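Engineer: Can you keep this structure in mind? I'll have questions shortly.
The values are calculated or read from the model by the stated rules, or taken from the named source; none is laboratory data. These numbers come from a predicted model, not from an experiment. Here the Cβ positions follow ideal geometry from the backbone for every residue, glycine too, while neighbour counts run over all protein chains shown. Quick note on the areas: whole protein, heavy atoms, side chains included, nothing else; ligands and nucleic acids left out. Shrake-Rupley method; radii C 1.70, N 1.55, O 1.52, S 1.80 Å.
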Amino acid sequence: CLDSKGKLHQFGSRWRTDDCLDCSCSRDETECCTGYATPVGYDKEKCVKIFSKAACTYKVVEKNDHSKECPVHQWVG
């Protein structure tokens, strides 16, 4: 299987892309899906979600003070 950058992967292998997608390869197809959950249940007036590409995770923090995390009640992904 070839990935989006033209790198060859063996059948049955799994890998994570630079864009935080988890991919797998079989004889029939290559499948990729997001390798992280997205926060949806939080106070959007007071807080903002920030994505870390290095960790492939979201953090939800107060808009006025990014050192204070906000509670998240629901995630999708």
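Engineer: Quick check on this structure: which one of ASP43, ASP3 is more than 14 Å from the chain's Cα centre (by Cα) and under 23 Å from HIS73 (Cβ atoms)? Explain how you work it out, then say what you get.
Structural biologist: On the way: ASP3 fails: under 23 Å from HIS73 (Cβ atoms).
Selected residue: ASP43, the only one of ASP43, ASP3 that is more than 14 Å from the chain's Cα centre (by Cα) and under 23 Å from HIS73 (Cβ atoms).
Engineer: Still on this structure: Could you check how many residues of the stretch 20-36 are open to solvent by 80 Å² or more (accessible area, probe 1.4 Å) and over 19 Å from the mean Cα position of the chain (by Cα)?
Structural biologist: Total meeting the criteria: 3.
Engineer: Taking the stretch 37-77 as the search range and keeping residues that are among the aromatic types (Phe, Trp, Tyr) and part of a strand (DSSP E or B), which one is least open to solvent (accessible area, probe 1.4 Å)? Break it down into steps so the answer makes sense when it comes.
Structural biologist: Filtering the stretch 37-77 for residues among the aromatic types (Phe, Trp, Tyr) gives 42, 51, 58, 75.
Now narrow it down to the ones that are part of a strand (DSSP E or B): 51, 58, 75.
Working: PHE51: 73, TYR58: 55, TRP75: 117 Å².
Ranking the candidates gives TYR58 first.
Engineer: Whether any residue in the stretch 26-41 is among the aromatic types (Phe, Trp, Tyr), touching a residue at least 24 places away in the same chain (Cβ under 8 Å) and within 30 Å of GLY6 (Cβ to Cβ) is what I want to check.
Structural biologist: First pass over the stretch 26-41, keeping only residues among the aromatic types (Phe, Trp, Tyr): 36.
From what's left, touching a residue at least 24 places away in the same chain (Cβ under 8 Å): 36.
The next check asks that each one be within 30 Å of GLY6 (Cβ to Cβ); those that pass are 36.
Scanning the stretch 26-41, I find at least one residue that is among the aromatic types (Phe, Trp, Tyr), touching a residue at least 24 places away in the same chain (Cβ under 8 Å) and within 30 Å of GLY6 (Cβ to Cβ), so the answer is yes.
Engineer: Mind checking which residues of the stretch 42-77 are more than 29 Å from LYS5 (Cα to Cα) and among the charged types (D, E, K, R)? Show your work before the answer.
Structural biologist: Just the residues of the stretch 42-77 that are more than 29 Å from LYS5 (Cα to Cα), to begin with: 42-48, 60-75.
Within the stretch 42-77, ASP43, LYS44, GLU45, LYS46, GLU62, LYS63, ASP65, LYS68, GLU69 meet the criteria.
Engineer: Among the residues of the stretch 35-66, write down those that are of a type in the set (D, E, K, R) and within 30 Å of CYS23 (Cα to Cα).
Structural biologist: The initial filter retains those residues of the stretch 35-66 that are of a type in the set (D, E, K, R), namely 43-46, 49, 53, 59, 62-63, 65.
LYS49, LYS53, LYS59 - these are the residues of the stretch 35-66 that are of a type in the set (D, E, K, R) and within 30 Å of CYS23 (Cα to Cα).
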